[in-house]
1. What is the residue count in the stretch 365-398 for residues that are among the small types (Gly, Ala, Ser), more than 18 Å from the chain's Cα centre (by Cα), in a helix (DSSP H, G or I) and farther than 15 Å from residue 430 by Cα?
2. From the list 399, 478, which one is surrounded by fewer than 22 Cβ atoms within 10 Å (Cβ to Cβ), modelled with pLDDT of 95 or more and over 22 Å from residue 326 (Cβ atoms)?
3. So which strands (runs of 3 or more DSSP E) are wholly in the stretch 296-364 and hold at least 3 residues that are touching a residue at least 60 places away in the same chain (Cβ under 8 Å) and more than 21 Å from residue 42 (Cα to Cα)?
4. Within the stretch 30-42, is even one residue of a type in the set (A, V, I, L, M, F, W, C), modelled with pLDDT of 95 or more and more than 30 Å from residue 143 (Cβ to Cβ)?
5. Among the residues of the stretch 399-429, write down those that are over 27 Å from the mean Cα position of the chain (by Cα) and closer than 21 Å to residue 485 by Cβ.
6. Condition (residue is within 16 Å of residue 110 (Cα to Cα), assigned by TED's automatic domain parsing to the domain that holds residue 347, out of contact with any strand residue (DSSP E or B) (no Cβ under 7 Å at 6 or more places or on another chain) and free of Cβ contacts under 8 Å to residues at least 24 places away in the same chain) applied to the stretch 203-216: is it met by at least one residue?
7. Please tell me if residue 338 is within 30 Å of residue 236 (Cβ to Cβ) and among the basic types (Lys, Arg).
8. Can you report the number of residues in the stretch 82-126 which are part of a loop (DSSP other than H, G, I, E, B), touching a residue at least 40 places away in the same chain (Cβ under 8 Å) and over 23 Å from residue 201 (Cα atoms)?
Amino acid sequence: MHIPTPIAPLALGEIMFKPFAALTFAFVLPMAAQTKTTDPAIARIKHDVPLWLEATGIPGMSVALVRNDRTEWLGTFGTADVATKRPIEVDSAFNVGSLSKPVFAYTVLKLVDEGKLDLDTPLSHYWPERITDDPRLDKITARLVLSHRTGFPNWRSGKDLHIFFDPGERFSYSGEGMVYLQKTVEHIEGQPLDQIAQRLVFSPLGMTETSYIWKPQWTEHATAGYRSDGSSLPLFHNDTGNAAGSLNTTPRDYARFVEAVLAGRGLKPATLRAMETPQVALDPTCFVCTDKAPAKLATDLFWGLGWGIETTASGKFIWHWGDNGVYKALVVADVNRKSAIIMMANSEYGLSVAQDIIQDAFGKGDHPAFTSLHYDTWNSSNIRFTRALVKDNPANVLKQFDAELTSGKIDENTLNLDGYSLLNAKKYDNAIAIFQRNVELHPGSANTYDSLGEAYMDAGNHELAVKNYEKSLELNPKNDNAKEMLVKLNASPAGPAKP
């Protein structure tokens, strides 16, 4: 397994913003002079982020702090590229995943203000293409898309796109809905998404380092994204925009967008109010809810037009998170105080710091949105276990964490993902050890046996591969993967040759 290059000592860059003053940039080193500020949040973030990065192995992170609808501070931490030790800088580009959606919502609402699109007119009125045979497609409007009430899945599993419940009935997070609205907007404007956004949003707001498609000038500034085992992926070089998740940007640029939302720039007052008004209450136990009605609706958690909304004792917040695997991002904005925190990280573990960085930015207070997303925190048993596997052999790690494994603090999914990291690295015996422990801890799970069967198959052990796939199929007769693998294994009695 590839061991990531140590990230300490961490380079930290910062820009302080003051009205009517020149920008100041400095890399902060021990004993170096720093621009003074009275905002205690900056000191908290500067102290905490290096600790989080060291604990989790997150290579790099970039942060923007907005106060009174102005960007007050930018901070950069760690490395953009572990192999070259290139540091994160203020112009380092990140993919921000679903932070694409609020920007797209703002773009759509600009068209609403221009009279080109009505929030409550069915989208089939504007774009007649039938993306599904379901007649309920004619009920889907821009309002329902932006508030995730289309009935579409998040992403389709095959070629066919289904509507799982009557549009408008309830919330269920959907990237497919955003793409449907994107295609409608592109048809109305006669341009691809990125050109529309450049004209309506990026250029007017000075977002010069933002695009829904790859920009060649990012080559020297792009961040690499990192899995939990330290392996990396490059920033996506897509040439087609996706409104749900292809945005590449920097915290400085995204802060300019958030400033505009908080200051009410670019949209009519009534349109801005609609964006920030709850359209639907959420079930905090379910974000993709195509197969069930809400168990219980929250009284403090909603969705507006493109934004999640919290109403807490601390005030009203709009928020969104971004998760494209090895890239994680978040934005939380206090609507009344016109303050925000924007964070981008180049690691699977980036959102493990979400709750803590929100507390650093806004002080102590309840933020139910990120609790409901169920990301592991940076000091959780799951993350500490996975980090230990990067540094030590499974036998030692399983012994070290035995109590937390037995108690369930380390969950089935974490063990499964860790096993596959070892399997992909062709460390078959180590992967089998992890999968075996998962089977012991979760003997009623078909998936644990399926994974162990795959490990044995890849290791060349035909007999035990068959045994575990059969057990998986016994527990879940609908496990098509187990059926397929058993056909493959039984067609070759000797089993696959050991790699």
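The values are calculated or read from the model by the stated rules, or taken from the named source; none is laboratory data. What you see is a predicted model, and the numbers here were worked out from it, not measured in a lab. Cβ: placed from backbone, ideal geometry, glycine included. Neighbour counts: every protein chain shown.
1. Going through the stretch 365-398 one residue at a time, the tally reaches 1.
2. Details: 478 fails: modelled with pLDDT of 95 or more.
Going through 399, 478 in turn, just one is surrounded by fewer than 22 Cβ atoms within 10 Å (Cβ to Cβ), modelled with pLDDT of 95 or more and over 22 Å from residue 326 (Cβ atoms): 399.
3. On the way: elements: 301-303, 308-312, 315-323, 328-334, 339-345.
Hits in the stretch 296-364: 315-323.
4. Yes, the conditions are met somewhere in the stretch 30-42.
5. If the condition is that a residue be over 27 Å from the mean Cα position of the chain (by Cα) and closer than 21 Å to residue 485 by Cβ, then 426, 427, 428, 429 are the ones that fit.
6. yes
7. Details: within 30 Å of residue 236 (Cβ to Cβ): no; among the basic types (Lys, Arg): yes.
Taking the combined requirement at face value, the residue does not satisfy it.
8. Of the residues in the stretch 82-126, the ones part of a loop (DSSP other than H, G, I, E, B) are 82-85, 88-92, 96, 114-121, 126.
Subset that is touching a residue at least 40 places away in the same chain (Cβ under 8 Å): 82-83, 85, 88-92, 96, 116-117, 119, 126.
Among the residues that remain, those that are also over 23 Å from residue 201 (Cα atoms) are: 82-83, 85, 88-89.
Residues in the stretch 82-126 being part of a loop (DSSP other than H, G, I, E, B), touching a residue at least 40 places away in the same chain (Cβ under 8 Å) and over 23 Å from residue 201 (Cα atoms): 5 in total.
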